[in-house]
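To start, the structure under review is shown below, and the notes come after it.
The values are calculated or read from the model by the stated rules, or taken from the named source; none is laboratory data. Keep in mind that what you see is a predicted model, and the values were worked out from it rather than measured. We place every Cβ from the backbone using ideal geometry, glycine too, and count neighbours over all the protein chains shown. SASA here: full protein model, heavy atoms, side chains in, ligands and nucleic acids out. Shrake-Rupley method; radii C 1.70, N 1.55, O 1.52, S 1.80 Å.
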Amino acid sequence: IVTQHTAVNGISHRGRVLTLDSMNPNVKRVEYAVRGPIVQRAVQIEKELKEGVKKPFTEVIKANIGDAHAMGQKPITFFRQVLALCSYPALLEDSKFPEDAKKRAQRILEACGGHSIGAYSTSQGIECIRQDVARYIEKRDGGIPSNPDNIYLSTGASDAIVTILKLLVCGEGRDRTGVMISIPQYPLYSAALADLGAVQINYYLDEDNCWSLNITELRRALNAAREHCNPRVLCIINPGNPTGQVQSRQCIEDVIRFAKEEHLFLMADEVYQDNVYAEGCQFHSFKKVLFEMGPEYSNTVEMASFHSTSKCYMGECGFRGGYMEVINLDPEVKAQLIKLVSVRLCPPVPGQALLDLVVNPPQPDEPSYATFMKERTAVLSTLAEKARLTEQIFNTVPGITCNPVQGAMYTFPGITLPQKAIDKAKELGLVPDMFYCMRLLEEDGICLVPGSGFGQREGTYHFRMTILPPTDKLKVVLQKIREFHLRFTQEFS
Amino acid sequence: MWNMKQLAYGALARRANQIKDELRQGVRKPYKEVIDVFQGDLHGAGMKPLTFVRQVLAACVYPPLINSNNLPLDVRQRAQKELGRCVGGSVGSYSAAAGIPEIVHSISEFIKRRDGGIPSHPENIYISPGSQWSISNILNVLVNREASPRTGVLIPVPCYNITVLSITQLGAVTVPYYLSEEQAWALQVEELQRALESAKGVCSPVALYVINPGNPAGYVQSQKSVQEVIRFAWEKRLFLLVDELYQDCVYGENCEFVSYKRTLSEMGPPFSGTVELASFHSVSKGFLGECGLRAGYVELVNLDPAVMKHIHTIFSKDSCAPVLGQIALDLMTDPPKPGDPSYPLYKQVGPENCTLVINSLPGFSCPPLEGGLFAFPRLNLTPKAVQKAKVTAEMQEDPDTFYCTRLLEEGGVFTSPGWEYGQKEGTYHIRFCIAAPQDIMEELLRRLSSFHMTFMKDFS
């Protein structure tokens, strides 16, 4: 430990307590590309534009983050009506609000301390909301029971994911917990694993086969990892982020079987479960498949499934609503879990209320049903159309290869970079796809995230773009990227 | 002993919920409802939310309300202003990692005004889902899990229990310094020194955690005391973590809240440019009491710029604080002005005259409450009474837990036992929130007195 106190003539010189040397070394390894350096540059450029600096574009299009409302998607009217009623209950007297919205609001408020969304809830989340979540899961999974005691509401799904990882990561040296995660992955996982000092075990998705998951690859990664750590967890994102693949039922069964054989805790990130577009693709929850595989699996495999209010058709990122359902957790571990979540006090109550509406939407016999269904269908069908459009246009560009966007909100196309560009990037101390994306940002005002932020096979390059901009704008963006790519390739040929 | 406490953890809360359910189902009890003063939960204790705040939030959530004549003009204008700061004009979009920039700016202006003009830089401020989230993040940066000896954090006794949980969950060691109950919970530098000494060979203390105004003890530090702590932190090279959540809850005579930031700045060099300070505040207490919205902030002073970059990354992987909470923070730090239609409705919380009632009860003592939201009276039980209570208690729990359990069952008042916060060996306390509306406080004190008399008679 370097002492920052030096006595000179008996007088101490005081250095800082918190320095790069003294700080938690794990924190130094944490990166989060979605809000990383390229976004910081984008924000700077936006400031410059505001100040009147002339650029080849008039706005920065932030296609880096899965934020639907930021890109103009409208909230679901019914949800916002209920939340407004919860915020200011005097509105319950206002005839402009439909009866079904009022009923939902009253039920939620009754479950809140002092009938206010400003009161703390229990750390696990408001009980009647957890009951509604359990019922939603049962309905979704064809009647397979869900116990509200196994439901933990959270501050977005990320909070729950980190909480479970905290429970699982332990050990020293060769016994340190290893966590399997797909490459490419959503960088919350790599960030959390770095922060916790866990060992990240990469399993590669197969780009040549629509980013599919192969058990042989899982086995390869696991066996290699056993040499230097204690693998205990397998994370899977379905539908995938950034890749958008939707796992087949067979694949999910294979993964569950693998987890049981190899004694791994399964973490199923299912926040995009309503975002399925490709024909022939369907969302199968891990919970459902697990139970349909029979008691040999459903009684033994330990699992946590995650969902959120940020994606799907709601896009309510700013509410920070989410939950996890835990299966087959040791009761003593659950007691520790309660202690862990109590450090957060409780999840944001408006987010809990919103989650309640998501799992308990208007029913066919209710006044708000027609509008609700219309809005929901419009959002999902627009996304499906944009997914198709994106794949189609990118595949017309020589040097860009785009797998079908089967689900989620992103595309992760492979880009071929000329050797000269790779060399230039190295010269500038940049990873090649960061160099590419920075250029695109400076020249066209389009902000994407380089594939290196998500992980990719050595020697391959990608970027992640959201499919969220409004259709007309998206067409322009796709066109501009096309032109940029051709220009860039030309420049460095 | 630890296992016993583990069992007790959450047991009282579970029982309280059970009783609430039983009452809802119509089970007869000596009381009609549970007075829940277990947490610093103002709305849960019956305080009404501020109308202006809730009207603005409702209009932000459901923008058609902005065109509604049912809401006052200043509400509609404010909602429009807030929405204009949200990306895509929606409270459903993510904000920047540190918070909506204009709101971060409001906070810095609020701090500057509060501190007599001392500048506050927006880039040193991070908004998070509640203050405890920020405390956790800063602790995470400070605590080196791989270090040997382990990282230590000085904490007061008694201390807010959630922070203690955060510290221990990060793998750090708590180094307790005892506040002096005989001197109205004063913080004595000699005691800080003793605590630091006690850490030798056990852990490596890097930070000093202070709560002002206090929780659970209801003190407000004098400026002199604040200066002493800053000087001590400077001398001993400790990072200052200052929990100032109750800064708007000051009511003791001759008591005034002076922020650590302000005091540090006014102390001048060498302190002002070197002591590393993290100050925490939130929208949960004070006159908003919006615990459920989850919004707080940290202001960082004199931190290494290289470390700040990493702090930014840590906050960014959490995405952002809930936008409604951020807006509530804006309404707290930039409230309606005199002349605005909604101005008269903004008012301060004041406690009721609990100290008098508590001290009038034999076997109960409590220094005058100066600030914060809690009373932390001491149960003065004779050794014989302590023994008798231990024997009677179903699970041989300590007298304070036993007292709280009985008070809940028989009196319908949900409080928490002193051991949760730490107390000197052999002393017993209970904590309860004193910010409920007057009628509820009167009922609470009536039930408490009645129960207490019976308890003292049974266990004398």
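Leaving ligands, DNA and RNA out of it, work out the accessible area of A:Thr371 with a 1.4 Å probe and give it in Å² to the nearest 10.
Counting only protein heavy atoms, the figure is 70 Å².
In Å and whole numbers, how far do the C-alpha atoms of region A:384-424 stretch along each principal axis, longest first?
Per principal axis, max minus min of the Cα coordinates gives 38, 19, 11 Å.
Percent of alpha carbon pairs in region B:1-160 separated by more than 24 Å? Mind dumping the intermediate values first?
Working: 8151 of 12720 pairs.
It works out to 64 percent of all Cα pairs.
Chain pair A, B: how much accessible area is buried, both chains summed, with a 1.4 Å probe, in Å² to 100? Please report the intermediate quantities before stating the final value.
Numbers: alone 22260 and 20460 Å², together 36310 Å².
About 6400 Å² of accessible surface is lost on pairing.
Given the DSSP H assignment, sum -39500 (n - 2.57) over each helix run of at least 4 residues in chain B and divide by its residue total; what's the result at 222 nm in deg cm²/dmol, nearest 500? Provide the component values of the computation, followed by the final result.
Details: 16 runs with 179 residues, N = 460.
That calculation yields -12000 deg cm²/dmol at 222 nm.
Out of the total accessible area of the protein assembly as shown (probe 1.4 Å, heavy atoms of protein only), what percent is carbon and sulfur? If you can, show how the numbers build up before the last one.
On the way: 18750 of 36310 Å².
Of the solvent-accessible surface of the protein assembly as shown, carbon and sulfur hold 52 percent.
So if a site counts as exposed when it's one of the GluC sites (Glu not before Pro), its DSSP state isn't H, G, I, E or B, and it has at most 15 other Cβ atoms within 10 Å, what's the longest stretch of chain B without one?
Numbers: sites that count: B:Glu33, B:Glu146, B:Glu253, B:Glu256, B:Glu394, B:Glu425.
Longest gap between qualifying sites, sites excluded: B:257-393.
Compute log10 of I(q)/I(0) for region B:87-333 with the Debye formula, placing one identical point scatterer on every Cα and leaving out solvent, at q = 0.11, 0.12, 0.14 Å⁻¹, to two decimals.
At q = 0.11, 0.12, 0.14 Å⁻¹ the computed log10 ratios are -0.55, -0.66, -0.92.
How much accessible area per residue does chain A have, counting only protein heavy atoms and a probe of 1.4 Å, in square angstrom? Write down the numbers at each step before the final one.
Details: 19060 Å² over 493 residues.
Per-residue accessible area for chain A comes out at 39 Å².
Put +1 on the Cβ of every Lys and Arg and -1 on every Asp and Glu Cβ in region B:87-333; which of B:Val153, B:Ser180, B:Ile103 then has its Cα farthest towards the positive end of the dipole?
After comparing all options, I get B:Val153.
Run the numbers on region A:81-108: which residues show a drop of 50 Å² or more in accessible area, chain on its own versus all protein chains together, using a 1.4 Å probe over heavy atoms?
Buried on complex formation: A:Ser87, A:Tyr88.
What area, in nm² and to one decimal, does the C-alpha convex hull of region A:362-477 cast on average over all directions?
Mean projected area of the Cα convex hull: 8.9 nm².
At what distance in nm do the modelled label points of A:Gln490 and A:Thr401 sit from each other, each positioned 7 Å from its Cα along Cα→Cβ?
It is 2.5 nm.
In debye, nearest 20: dipole of chain A around its Cα centre with unit charges on the Cβ of K, R (+) and D, E (-)?
Working: 54 positive and 57 negative charges, 222 e Å.
Rounded to the nearest 20 debye, it is 1060 debye.
Please tell me the relative contact order of region A:120-359 in percent, rounded to the nearest whole number, where contacts are Cα pairs under 8 Å and at least six residues apart.
Answer for region A:120-359 is 26 percent.
Just how far, in whole angstrom, is region B:267-316 from region A:146-187 if you go by their alpha carbon centroids?
Distance between centres, Cα-based: 28 Å.
Kirkwood Rh and Cα-based Rg: tell me the resulting Rg over Rh for the protein assembly as shown, rounded to two decimals. Present the calculation step by step, with values, prior to reporting the outcome.
Details: Rg = 28.2 Å, Rh = 29.4 Å.
Using Cα coordinates only, the ratio equals 0.96.
Give the accessible surface of region B:87-333 per residue, rounded to a whole number of Å², with probe radius 1.4 Å and ligands, DNA and RNA excluded. Write out the running numbers ahead of the final one.
Working: 7230 Å² over 247 residues.
In whole numbers, region B:87-333 has 29 Å² accessible per residue.
Starting from the Cα of A:Lys339, step 7 Å along the direction of its Cβ; do the same at B:Lys200; then give the gap between the two resulting points in nm.
With each label placed 7 Å out from Cα toward Cβ, I get 3.2 nm.
Over region B:165-258, consider all pairs of different Cα atoms and compute the Kirkwood hydrodynamic radius from their mean reciprocal separation; express it in Å, one decimal.
Details: mean 1/r = 0.0705 Å⁻¹.
One over the average 1/r among Cα pairs gives 14.2 Å for region B:165-258.
What residues of region B:75-107 lose no less than 20 Å² of accessible area with every protein chain in place versus their chain by itself (probe 1.4 Å, heavy atoms only)?
B:Val87, B:Gly88, B:Ser90, B:Val91, B:Gly92, B:Ser93, B:Tyr94
Stokes-Einstein at 10 °C, 1.306 mPa s, Kirkwood radius from Cα pairs: D for region A:7-140 in µm² s⁻¹? Intermediate values should be presented prior to the final figure.
Values: Rh = 21.0 Å.
The calculation lands on 75 µm²/s.
Would you work out which of B:Ser120, B:Met332, B:Val202 lies farthest towards the positive end of the dipole of region B:87-333, given +1 charges on the beta-carbon of Lys and Arg and -1 on that of Asp and Glu, about the Cα centre?
Result: B:Val202.
Taking the radius of gyration and the Kirkwood hydrodynamic radius from Cα positions alone, what is the Rg/Rh ratio for region A:120-359, to two decimal places? Intermediate results must be reported in sequence, preceding the final value.
Details: Rg = 16.9 Å, Rh = 18.0 Å.
For region A:120-359, the value is 0.94.
Could you size up the charge dipole of region A:130-240 around its Cα centre, putting +1 on the beta carbon of Lys and Arg and -1 on that of Asp and Glu, and report it in debye to the nearest 20? Don't jump to the answer; show the numbers that get you there.
On the way: 11 positive and 13 negative charges, 51 e Å.
Using Cβ point charges on Lys, Arg, Asp and Glu, region A:130-240 gives about 240 debye.
Hey, what did region B:311-460 get for relative contact order, percent, Cα under 8 Å, at least 6 apart? If you can, show how the numbers build up before the last one.
On the way: 154 pairs, mean separation 33.8, N = 150.
Reported as a whole number, the value is 23 percent.
For B:Met453, A:Met434, A:Met180, write out the residues from largest to smallest accessible area, computed with a 1.4 angstrom probe and no ligands counted.
I get B:Met453, A:Met434, A:Met180, largest accessible area first.
After finding the eigenvalues of the alpha carbon gyration tensor for region A:129-186, what semi-axes result from the square roots of 5 times each, listed largest first in whole Å?
Working: eigenvalues 175, 38, 29 Å².
Ellipsoid half-lengths, sorted descending, are 30, 14, 12 Å.
Exactly which chymotrypsin sites (Phe, Trp or Tyr not before Pro) in region B:353-436 are in a DSSP loop and have at most 10 other Cβ atoms within 10 Å? If you can, show how the numbers build up before the last one.
Numbers: sites: B:Phe364, B:Phe374, B:Phe402, B:Tyr403, B:Phe414, B:Trp419, B:Tyr421, B:Tyr428, B:Phe432; in loops: B:Tyr421.
Taking region B:353-436 and a limit of 10 other Cβ atoms within 10 Å, no loop chymotrypsin sites (Phe, Trp or Tyr not before Pro) are found.
For chain A, take the convex hull of the Cα atoms, compute a quarter of its surface area, and give me that in nm², please.
Numbers: hull surface 116.6 nm².
With every direction weighted equally, the projected area is 29.2 nm².
For region B:87-333, what is the number of Lys pairs with C-alpha distance below 23 angstrom, counting only pairs 8 or more positions apart or on separate chains?
Pairs that pass both the separation and distance tests number 10.
Rule-of-thumb check for chain B: C-alpha Rg over 2.2 N^0.38 Å?
Working: Rg = 22.8 Å, N = 460, 2.2 N^0.38 = 22.6 Å.
Ratio of Rg to 2.2 N^0.38 Å for chain B: 1.01.
For a Förster distance of 41 Å, can you work out the FRET efficiency between the beta-carbons of B:Lys81 and A:Lys55, rounded to the nearest 0.05?
Numbers: r = 28 Å, r/R0 = 0.69.
Working from the Cβ atoms, E equals 0.90.
Using a 7 Å offset from Cα along Cα-Cβ at A:Lys74, what residues in region A:472-486 end up with backbone N under 17 Å from the label point?
Answer for this model: A:472.
Let's test this: bin the Cα-Cα distances of region A:283-338 at 10 Å from zero up to the farthest pair and state each bin's percent.
20, 39, 30, 11, 0
Expressed as a rounded percentage, what relative contact order does chain A have, with Cα pairs under 8 Å and six or more residues apart? Kindly include the intermediate steps, with their values, before the conclusion.
Values: 876 pairs, mean separation 100.2, N = 493.
Relative CO of chain A lands at 20 percent.
Can you tell me the dipole magnitude for the protein assembly as shown around its Cα centre, using point charges on the Cβ only (Lys, Arg +1; Asp, Glu -1), in Debye to the nearest 20?
Values: 97 positive and 104 negative charges, 105 e Å.
With Lys and Arg at +1 and Asp and Glu at -1, about 500 debye.
If you count only protein heavy atoms and use a 1.4 Å probe, how large is the accessible surface of A:Ser22, to the nearest 10 Å²?
40 Å²
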